1. Exactly one of these conditions fails for HIS190: (1) touching a Phe, Trp or Tyr at 6+ places or on another chain (Cβ under 9 Å); (2) more than 9 Å from the ligand (Cβ to nearest atom); (3) under 19 Å from LEU159 (Cβ atoms). Give me its number.
2. Which residue out of SER399, SER370 is of a type in the set (Ser, Thr, Tyr), at pLDDT 95 or above and loosely packed, with under 14 Cβ neighbours inside 10 Å?
3. Scanning for something modelled with pLDDT under 95, among the aliphatic types (A, V, I, L, M) and farther than 28 Å from VAL381 by Cβ, does the range 1-15 turn up at least one residue?
4. Using the structure shown, decide if ALA155 is under 18 Å from ARG332 (Cα atoms) and in contact with a Gly (Cβ under 9 Å, 6 or more places away or on another chain).
5. Please find, among ARG63, ARG73, the residue that is modelled with pLDDT of 95 or more and touching a Pro at 6+ places or on another chain (Cβ under 7 Å).
6. I need a count of the residues in the range 346-370 that are under 22 Å from the mean Cα position of the chain (by Cα), assigned to a helix (DSSP H, G or I) and away from the ligand (no atom under 16 Å from the Cβ).
7. Output the number of residues of the range 243-270 satisfying the condition of being exposed (fewer than 15 other Cβ atoms within 10 Å of the Cβ) and either within 16 Å of the ligand (Cβ to nearest atom) or not β-branched (Val, Ile, Thr) (or both).
8. If you check HIS230 against the conditions, is it within 16 Å of the ligand (Cβ to nearest atom), under 19 Å from PHE89 (Cα atoms) and in contact with a Gly (Cβ under 9 Å, 6 or more places away or on another chain)?
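The values are calculated or read from the model by the stated rules, or taken from the named source; none is laboratory data. None of these values were measured; they are calculated from a predicted model. Here the Cβ positions follow ideal geometry from the backbone for every residue, glycine too, while neighbour counts run over all protein chains shown.
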Amino acid sequence: MTYDVAAIRALFPSLAEGSDGSSPAAFFDGPGGSQTPSPVADAVHATLVSAISNRGDVTASERRAEGVVRDARQAVADLLGADPRGVVFGRSATALTYDFARALAKTWAPGDEIVVTRLDHDSNIRPWVQAAEAVGAVVRWADFEADTGEMHSDAVTSLLSERTRLVATTGASNLIGTKPPVCKIARAVHEVGALHWVDGVHATAHASVDLDSLGVDFWTCSPYKFLGPHIGVLAASPELLETVRIDKLLPSSDAVPERFEFGTLPYELLAGVTAAVDVLASLDPAATGSRRERILASFEALEEHEHRLLDRLESGLRSLPGVRVHSNARKRTPTLLFTVDRRPAQDVRRALAERGVNAPASHFYAIEASRHLGLGDEGGVRVGLAPYTDMDDVERLLSALAEIVEEGRLRGEAGGRRRG
Ligand SMILES: Cc1ncc(COP(=O)(O)O)c(C=O)c1O
């Protein structure tokens, strides 16, 4: 197993030194959207300027579009261990979740129940809550432990009943990284005959996914979180998708998965998705075999790389006076949320940005989770690792933050108070 972070960084124009010798920012904002490697941008460009028409099987340019779509479905299937016939593309994970919530809710009756969690990004809460309200279904809320950040399976399974129709949980929290026991939850959900929808947007960027062994019904992800373009993906079994009726245009295809893809697909972005999956498959250059096998090996190498960085990052953050780390679950992604005592998170974020460190501050749309943690609507500063993060980035962040904390301490000694 090998991981050559310098070779990986060389794929990213945004990580190159400026022509004036200026260093690139240290990007810890990957959980909001990763930097883009050249092969992805090249694939988008090449597809746009190629001889390409609307999909069809008569002309070469029609067949090119057809091939781009087929390749992208296969690439996502390889990434997720899914069936390419069940890969749906949409504007974003949020848009897909809304579409499916409205469609699935047509089969719910007043008094039916759905379960959502306070750990989730709002895109896997509000569409279900609003769809439930529209048909008189009852919403049950599963909580995570604020002090440990853990989301135990019984927090969800204790809410299940014979009236439960759907359970929406996250694969990993984009706010504090917690990875709930998805497999265990899926089994319990199926025992009561309900469906399990998993938001895999944050999880997919950090560990290999195998939908078959997870046993979930629906898995969403967003390629722009894992080096690809801005588009959303839903994966499910084609047999399950056959049972979902959705409002559609009269002449548009009723076949799965096209039934769920409204309008013309963005071929150039789909080519970018395939290229992103190919880059992920090559993160371990020593990996051999099928693309799926190379993906599995590459994610193992990536996890090891990220864990090494995370160890240093986490011990560094936890040793700084006044810095509180809110990512505490045993199983989690390399995404840390922290706050600094008596400093608004936005101040810290700006001070980091002035030092060339990009680490945004917010609730990051996991607003229920932020409130549940006692961080209200302000949230905290989030630092996330990505395939291109190296130890220099981590050291830059830690020394910048040490400076910021020290400045605050001096201001405090001089009688300075929290602003606002
Ligand atoms: C966990 C999680 N779910 C959902 C989303 C929304 O994804 P999209 O922008 O594709 O709608 C995000 C985006 O930040 C996310 O982190």
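1. Failing condition for HIS190: (1).
2. When all the criteria are applied, what remains is SER399.
3. The answer is yes, given that some residue of the range 1-15 is modelled with pLDDT under 95, among the aliphatic types (A, V, I, L, M) and farther than 28 Å from VAL381 by Cβ.
4. no
5. Just a single option satisfies the conditions, and that option is ARG73.
6. Summing the residues that are under 22 Å from the mean Cα position of the chain (by Cα), assigned to a helix (DSSP H, G or I) and away from the ligand (no atom under 16 Å from the Cβ) in the range 346-370 gives 1.
7. Within the range 243-270, residues that are exposed (fewer than 15 other Cβ atoms within 10 Å of the Cβ) and either within 16 Å of the ligand (Cβ to nearest atom) or not β-branched (Val, Ile, Thr) (or both) number 10.
8. yes
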